[in-house]
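> Below: one structure in structure tokens.
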Amino acid sequence: MLAPKILPWVARKAGISECDALDAWQHAVAEAAVAAGARSGASFDGLALERFITLAHARATDRAVQARRPAPGASRLRQRPFAQLCAG
């Protein structure tokens, strides 16, 4: 099945790359095919689009959580006294 024309728009709105959105679409199509029992029909199309939106939102949320995590060495900096940090 071809990717939907709204894929780039959804990617921009979710804050993910088009490559991530395409990957989410492919996963959504596979999951919708299993749920609907076929790769055609209105129920399949609706399930695929709904699942795609859900996966795109989940990837955007994952990316936001990763952006909030401190750098690996940042926790060690917080443990040192301020004088040691400034001493160089």
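The values are calculated or read from the model by the stated rules, or taken from the named source; none is laboratory data. Remember, predicted model here, so these are calculated numbers, not experimental data. Positions of Cβ are generated from backbone atoms using ideal geometry, with glycine treated the same way; all protein chains shown enter the neighbour counts. These accessible areas exclude ligands, DNA and RNA; they are computed on the full protein's heavy atoms, side chains included. Shrake-Rupley method; radii C 1.70, N 1.55, O 1.52, S 1.80 Å.
> What's the total number of residues in region 53-70 that are modelled with pLDDT of 80 or more and over 16 Å from His27 (Cβ atoms)?
Total meeting the criteria: 0.
> Which pairs turn up if I take residues in region 5-34 that are more than 11 Å from Phe52 (Cβ to Cβ) and look for partners that are open to solvent by 80 Å² or more (accessible area, probe 1.4 Å) with beta carbon separation below 6 Å, at least 6 apart in sequence or on another chain?
Once the first residue is more than 11 Å from Phe52 (Cβ to Cβ) and sits in region 5-34, its partners that are open to solvent by 80 Å² or more (accessible area, probe 1.4 Å) give Pro8/Glu18; Ala33/Arg39.
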